[in-house]
Amino acid sequence: MEIKYLPITHKQNAAGSLFAVEGINDIPFAIARVYYILDMPIAARRGKHAHIKISQAALCIRGACKFLLDDGKEKAEVILDNPSLGIMLEPMIWHEMYDFSKDCIIVILADAHYDEQDYIRDYTEFLHKAQK
Ligand code: T46
């Protein structure tokens, strides 16, 4: 399956690093929500769902983690370990996050506000809907 990578503008100077993400220009949607995930135990596994309509962009701005992406036909594993390169989490992609480094910080940009009704949290239900 095709992974959509998102190159992020990075400006570095002697005073540090700045990364900028613009909705529409750098990611293919207007940003309605930002959330970040941190302090994950190394053995934790998060995600384990797909979204019905919501599109998201995932960035690992510190440390490293793995994403499993599954469209119902194919699975791919992506290592995110660079704040300059994110990935798209498109609708109807089952995703799981795991193998978190101790310092891992994930930032997610979403095109809609939080809506629990947009989640498919049952893998059998996901496969049924994805294969329609
Ligand atoms: C996703 C992956 C990448 C809120 O109240 N507001 C929010 O905007 C979000 C994202 C979550 N929540 C609540 C819902 C749960 O009670 O925060 C709690 C933890 O959420 P969840 O267990 O879904 O977290 P993850 O890390 O498994 O999944 C999250 C996002 O929920 C999800 O949309 O795609 O990150």
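Observations, loosely collected:
- Yes/no for residue 116 being open to solvent by 70 Å² or more (accessible area, probe 1.4 Å), out of contact with any Lys or Arg (no Cβ under 8 Å at 6 or more places or on another chain), free of Cβ contacts under 8 Å to residues at least 60 places away in the same chain and within 11 Å of the ligand (Cβ to nearest atom): yes
- Any hit, region 6-16, residues being touching a residue at least 60 places away in the same chain (Cβ under 8 Å), over 30 Å from residue 131 (Cβ atoms), within 12 Å of the ligand (Cβ to nearest atom) and more than 11 Å from the chain's Cα centre (by Cα): no
- Meets criteria (among the basic types (Lys, Arg), under 28 Å from residue 9 (Cα atoms), modelled with pLDDT of 95 or more and away from the ligand (no atom under 13 Å from the Cβ)) for residue 66: no
- Cβ-Cβ under 8 Å pairs, at least 6 apart or on other chains, region 65-93 side at positive phi, far side small (Gly, Ala, Ser): 72/130; 92/50; 92/72; 92/130
- One residue from 79, 52, 93 being open to solvent by 10 Å² or more (accessible area, probe 1.4 Å), β-branched (Val, Ile, Thr) and away from the ligand (no atom under 15 Å from the Cβ): 79
- Residue list for region 18-37, filter: more than 14 Å from residue 8 (Cα to Cα) and either surrounded by 14 or more Cβ atoms within 10 Å (Cβ to Cβ) or within 11 Å of the ligand (Cβ to nearest atom) (or both): 29, 31, 32, 33, 34, 35, 36, 37
- Of the residues examined, residue 42 is not one that is among the aliphatic types (A, V, I, L, M), more than 14 Å from the ligand (Cβ to nearest atom) and within 14 Å of the chain's Cα centre (by Cα).
The values are calculated or read from the model by the stated rules, or taken from the named source; none is laboratory data. The structure presented is a predicted model; accordingly, all values stated were derived computationally and were not measured. Please note: Cβ atoms are built from the backbone with ideal geometry, for glycine as well, and neighbour counts cover all protein chains shown. SASA here: full protein model, heavy atoms, side chains in, ligands and nucleic acids out. Shrake-Rupley method; radii C 1.70, N 1.55, O 1.52, S 1.80 Å.
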